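S.K.: Take a look at the following structure, please.
The values are calculated or read from the model by the stated rules, or taken from the named source; none is laboratory data. Model, not experiment: these values are computed from the prediction. Every residue, glycine among them, receives a Cβ derived from its backbone with ideal geometry; neighbour counts consider all protein chains shown. For the accessible areas, the whole protein counts, side chains as well, though only heavy atoms, and no ligand, DNA or RNA atoms are used. Shrake-Rupley method; radii C 1.70, N 1.55, O 1.52, S 1.80 Å.
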Amino acid sequence: MILVFYAFAREVGTLKRRVVNPTPLVHKDLRGFQAVVGGKEFSVVGHGIGRRRATETARRAFDLMPSAELVIGTGVVGALASGLKPGDLILADRILASRVDGEIAKQVAASDEAHLGAVGRSLSAAGIKFSSGAILTTDRVLTVAEKRAAKDRDGAIAVDMESSAIALEAVARRLPFIVLRAVLDEVDDEVAGAEAMADDLGRIKPLAATAYLVRNPGVVLKIPRMIRNLSLATTAIANALEAIAHEGKVPARNSGKRR
């Protein structure tokens, strides 16, 4: 069984639409779905946004499903390296974390070389390009200036808010893990209003979103591009997870679904 973690539902929405007969997780304490892809059982678990939620959910999931053959942390990231575009995939070779603004990040985990190599070969065999490097986990969305400073200071190529939590819990249980994420915003893109307009599960809060847009009308012009970027990222995630399931031998699409 492959155990996949994500923050908010749209990150795995494309995958869920592609698979045959996805069903809710049997464990009522967990949010997500399960399906068979490429003959492998996938349990896809949502944890919400931020380290605290990711840690709590990972612990619960590992207690209920302790025998995962591979743990995958997935979802979207912000680019720290110039040249990374929306939809580009990052296969992390190590995970860094910082809790205080401006502090030098510490390495909290490194991906197992054997599984990292196997996943990389599956992606390459499927013709999927990816970049390898460190992903930095922080407690909030970074500004453009902070993203550039983090790249220079820590050497990470992308940033998110949950990967270190998933990695630490997997390491504590000696479970093999990888972090495979897709770029949502480029290094010079400001992710305006993300924390103000959405809740911890990534769901839009209508009243809060309306109030934010009234105060910041310029953000409205950025919404179509944000939606396009999210679509590119979620498609890349789905393609990559299918390639992993099929070990690089992804079958032709059949009636919009893949097994």
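S.K.: Which of (1) open to solvent by less than 20 Å² (accessible area, probe 1.4 Å); (2) modelled with pLDDT under 95 does PHE62 not meet, given it meets every other one?
M.R.: Only one criterion is unmet by PHE62, namely (2).
S.K.: Then there is this: Can you report the number of residues in the range 98-122 which are buried (at least 18 other Cβ atoms within 10 Å of the Cβ), hydrophobic (A, V, I, L, M, F, W, C) and either part of a strand (DSSP E or B) or touching a helix residue (DSSP H, G or I) at 6+ places or on another chain (Cβ under 8 Å) (or both)?
M.R.: Result for the range 98-122: 3.
S.K.: Moving on. Test of understanding: among GLY73, GLY78, which residue is closer than 14 Å to VAL183 by Cβ, touching a residue at least 60 places away in the same chain (Cβ under 8 Å), of a type outside the set (D, E, K, R) and in contact with a helix residue (DSSP H, G or I) (Cβ under 7 Å, 6 or more places away or on another chain)?
M.R.: Step by step, each of GLY73, GLY78 is checked, and only GLY78 is closer than 14 Å to VAL183 by Cβ, touching a residue at least 60 places away in the same chain (Cβ under 8 Å), of a type outside the set (D, E, K, R) and in contact with a helix residue (DSSP H, G or I) (Cβ under 7 Å, 6 or more places away or on another chain).
S.K.: Then there is this: State the number of residues belonging to the range 162-191 that are over 19 Å from LEU3 (Cα atoms), open to solvent by 20 Å² or more (accessible area, probe 1.4 Å) and assigned to a loop (DSSP other than H, G, I, E, B).
M.R.: 5
S.K.: Go through (1) on the phi > 0 side of the Ramachandran plot; (2) assigned to a strand (DSSP E or B); (3) over 12 Å from the mean Cα position of the chain (by Cα) and name the single condition GLY75 misses.
M.R.: Just one mismatch for GLY75, condition (3).
S.K.: What is the number of the single condition among (1) open to solvent by less than 10 Å² (accessible area, probe 1.4 Å); (2) touching a strand residue (DSSP E or B) at 6+ places or on another chain (Cβ under 7 Å) that GLU69 does not meet?
M.R.: Every condition holds for GLU69 apart from (1).
S.K.: State whether one or more residues within the range 83-91 are under 19 Å from SER132 (Cα atoms), in a loop (DSSP other than H, G, I, E, B) and hydrophobic (A, V, I, L, M, F, W, C).
M.R.: Yes, the range 83-91 contains a residue that is under 19 Å from SER132 (Cα atoms), in a loop (DSSP other than H, G, I, E, B) and hydrophobic (A, V, I, L, M, F, W, C).
S.K.: Against the definition (more than 28 Å from MET226 (Cβ to Cβ), out of contact with any Ser or Thr (no Cβ under 9 Å at 6 or more places or on another chain) and of a type in the set (Phe, Trp, Tyr)), how does PHE62 come out, yes or no?
M.R.: Considered against the rule, which asks whether it is more than 28 Å from MET226 (Cβ to Cβ), out of contact with any Ser or Thr (no Cβ under 9 Å at 6 or more places or on another chain) and of a type in the set (Phe, Trp, Tyr), PHE62 comes out as yes.
S.K.: Restricting to the range 24-57, name every residue that is part of a loop (DSSP other than H, G, I, E, B), of a type in the set (Gly, Ala, Ser) and surrounded by 14 or more Cβ atoms within 10 Å (Cβ to Cβ).
M.R.: Correct list: GLY38, GLY48, GLY50.
S.K.: Could you grab me the full set of residues in the range 7-23 that are open to solvent by 50 Å² or more (accessible area, probe 1.4 Å) and under 20 Å from the mean Cα position of the chain (by Cα)?
M.R.: ALA9, ARG10, LYS16, ARG17
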